[in-house]
Amino acid sequence: MKPTLISQFENLAALTNTAAQTKWARHGEWWYYSDSATGLLMRVPISDPDDWDLDEHNMQRLRPSAHPVFHHNQTEYSEVISQDISRDGNYTCSATRSPSDDIIRLDVREAKSQRIVFSKPLRGWMLDRIYLSKNGEGIYFTCPSSSHHSKSLWAIIADSRKAQHPICLFAGHSGDNLSVSRTTSQRFLKVIHTSSSRRVFTLIDLDTTQIHSGIEVATGLASKHYTFEHLECEGIDFAFLIEHSGAASGGYLSSFRLNDGHAIGVRCSFNGEANRSLTCATSVYLGKESLVAFLPDGLSVDVVVFSYTYCGNGGITLEVRSTLHLPSHVNSALMRPMDWWQPYVDIAISSLVAPPELLRIPLNRRLCNRQSPSSYLFDVLPKMKESRYGVVRTLSRLDGNSSAGLTMASSSASMQPAKGCLVVGYGAYGRSLPRSFNPLYAMMLERGVDIALAHVRGGGEFGVEWHQQGTRLHKLDSIGDFLDVCEYIKTNGTSLNPDYKLFALGASAGGLLVAAAANMSPDLFDSLILVAPFVSPLRALMDPDEPLTITDWKEYGNPISDLNIRKYIAGYSPLENVPPVRMPDAFLALNELDNKVNNRHALEWVDRMRETGSHIELEIRPGADHAGTWSGATSSQIRILEWITKRLP
């Protein structure tokens, strides 16, 4: 049935009734439809231009990504906050809020008959996610705290239902972080509670509602990454914690048995090849038979598959089964399977000049003997290096005097010198710039504009020490690396084309990097492109009520308690250091509902830039939060493309 296009609705009832009658209705950037089986109004985000015109095939394709919006019947409309189903499929639970009051209602129903077996109203509560135990007797839910910027975990279990009183399992305090999710086996709820002094990993058994004491580590290991899962090996249930830091040492495997009714912790360091590998892993996936680790070597990555066996006392023995090398110009991303017993994992590989392709990695011995990912890579890797869009090359170091690295794509379709270069920078939080395909990059290359990714200290391209060398009292080194990259590109570009233009792009913390570099060397840049930029770390970090202040102290330092940190940040904070000279023109994109950076600071930066004679074009994306950055916003990409094209020779 052809969907109905709707510009606006007078009320929720009109939206629901229209969706029920037409099957699909569009409102804003969402498709809505009524699920006749559950009575729920579902919505699907329109993220692809092809989704604006739906046919029956696209409807079926989009249904799995739909989320409930309103639970409706003949008399009332209630917003569905969260839903869950028990692991055996016998019970469902929903949390709904009525628009007429501030009551949240938790309802547990039998899946087949939809008979309500338990209902609990909660007045004045905030709730964002619920989890249901196997027998329907335990409800776990997370509650955000607007004052502390954290969340807490609560439970209503069989004994407490009679008292009609939720139990707080983990309380969120200022500066704490609580992460709650299901394990890949779906049986356990894994809780990771991080405070200023410790990090605790806990499992809650959704089959028995039993809470197992967790593994505790010091937050001195905060730079480490963690993989925390439940698995069953030779009939024994236990938890599996991998600490992997990207450093040369410090990786550990910790596990504790769950079958004994209490947890027995065993901590052991890796040996041999396993130790060399997992201590520097940046991503780890734990399957039923194998463990997959991404092991960086500079900008290149080795994908290693381990088999594991139970060796008694809760310990695990790891054995390297296969290794796959991905060169430095290839970007890789692990596609985690929906089912942990799946005998393979998919890895999406791409480059600046090649769209993603899936590489399937077998996880059991039988498939490893029959399938060879290496033979597939032999055909695919040349396309990642050179395609119709261009050629990509990497430099781990620019030269002996600079610590910065560079990944650069140049157009191969034209024999003429490039017209300019778009340099992208970030350099914070130990995060690496993705060397993946982007439609904006492809359009730039087709217009004769090179694409460059600046690998600067503070990022994660070369490990934990590389990240720490660009934090706190070393942030100027990160900015200096970015200037080194830009000067290297400008020098080489102008040697071939005197009219070579340099454009710098930074999003979020990358906006700080680009804006600070422009303050120090305004003549180097022809134009700036900032998206949701963090332009005043001095003001933001001096205000504990800002959403990310306490967590950002670990990255930039605490200017409230440390005068040296305050003076250092004041020396490079972009808003406070705009020089009284003609600054480069800039395109600025802000998100209306940004919850991580303060838009007022960005708007004040615009005023100061305009005072220097700079031309600023401002775009505010309505309804977008901080996650709606430039890489996922088609409208912003088009505006950026137009902005750069107008300034080309």
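Brief remarks follow.
- Among the residues of segment 426-439, those that are open to solvent by less than 20 Å² (accessible area, probe 1.4 Å) and either within 19 Å of residue 526 (Cα to Cα) or among the small types (Gly, Ala, Ser) (or both) comprise 427, 428.
- Some residue of segment 462-480 being open to solvent by less than 10 Å² (accessible area, probe 1.4 Å) and touching a strand residue (DSSP E or B) at 6+ places or on another chain (Cβ under 7 Å): no
- Qualifying residue in segment 378-386 (condition: in contact with a helix residue (DSSP H, G or I) (Cβ under 7 Å, 6 or more places away or on another chain) and surrounded by fewer than 24 Cβ atoms within 10 Å (Cβ to Cβ)): no
- Qualifying residue in segment 418-425 (condition: out of contact with any Pro (no Cβ under 8 Å at 6 or more places or on another chain), open to solvent by 10 Å² or more (accessible area, probe 1.4 Å) and under 21 Å from residue 647 (Cβ atoms)): yes
- Neighbours by Cβ (under 9 Å, 6+ apart or cross-chain): first from segment 474-502, free of Cβ contacts under 8 Å to residues at least 24 places away in the same chain; second aliphatic (A, V, I, L, M) and open to solvent by 30 Å² or more (accessible area, probe 1.4 Å): 480/520
- Listed conditions (1) within 27 Å of residue 595 (Cα to Cα); (2) of a type outside the set (D, E, K, R); (3) at pLDDT 75 or above are all met by residue 175, apart from (3).
- One residue stands out among those in segment 481-500 that are touching a strand residue (DSSP E or B) at 6+ places or on another chain (Cβ under 8 Å) and part of a helix (DSSP H, G or I): the one that is farthest from residue 425 (Cα to Cα), which is 493.
- Scanning segment 426-442 for residues that are aliphatic (A, V, I, L, M) and not in a loop (DSSP other than H, G, I, E, B), we see that the one that is farthest from residue 409 (Cα to Cα) is 440.
- Sub-6 Å Cβ pairs linking a first residue in segment 343-364 that is in a loop (DSSP other than H, G, I, E, B) to a second residue that is modelled with pLDDT under 80 and among the aliphatic types (A, V, I, L, M), at least 6 apart or interchain, are 343/363; 343/367, ordered by first then second residue.
- Scanning segment 98-143 for residues that are in a loop (DSSP other than H, G, I, E, B) and within 25 Å of residue 211 (Cα to Cα) returns 125, 126, 127, 128, 133, 134, 135, 136, 137, 138.
- Filter result (free of Cβ contacts under 8 Å to residues at least 24 places away in the same chain and under 25 Å from residue 88 (Cα atoms)) within segment 112-133: 112, 113, 114, 115, 116, 119
- Residues within segment 567-602 that are among the aliphatic types (A, V, I, L, M), buried (at least 16 other Cβ atoms within 10 Å of the Cβ) and over 17 Å from residue 526 (Cβ atoms), tallied: 7
Every residue, every condition in (1) aliphatic (A, V, I, L, M); (2) assigned to a helix (DSSP H, G or I), yes or no:
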site: 510; (1), (2): no, yes
site: 514; (1), (2): yes, yes
site: 523; (1), (2): no, yes
site: 546; (1), (2): no, no
site: 566; (1), (2): no, yes
site: 583; (1), (2): yes, no
site: 587; (1), (2): no, no
site: 597; (1), (2): yes, no
site: 600; (1), (2): no, yes
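The values are calculated or read from the model by the stated rules, or taken from the named source; none is laboratory data. On a predicted model such as this, the values are computed, not experimentally measured, just so you know. Here Cβ is always computed from backbone atoms with ideal geometry, including for glycine, and neighbour counts include all displayed protein chains. Calculation scope for accessible area: heavy atoms of the full protein, side chains included, ligands and nucleic acids excluded. Shrake-Rupley method; radii C 1.70, N 1.55, O 1.52, S 1.80 Å.
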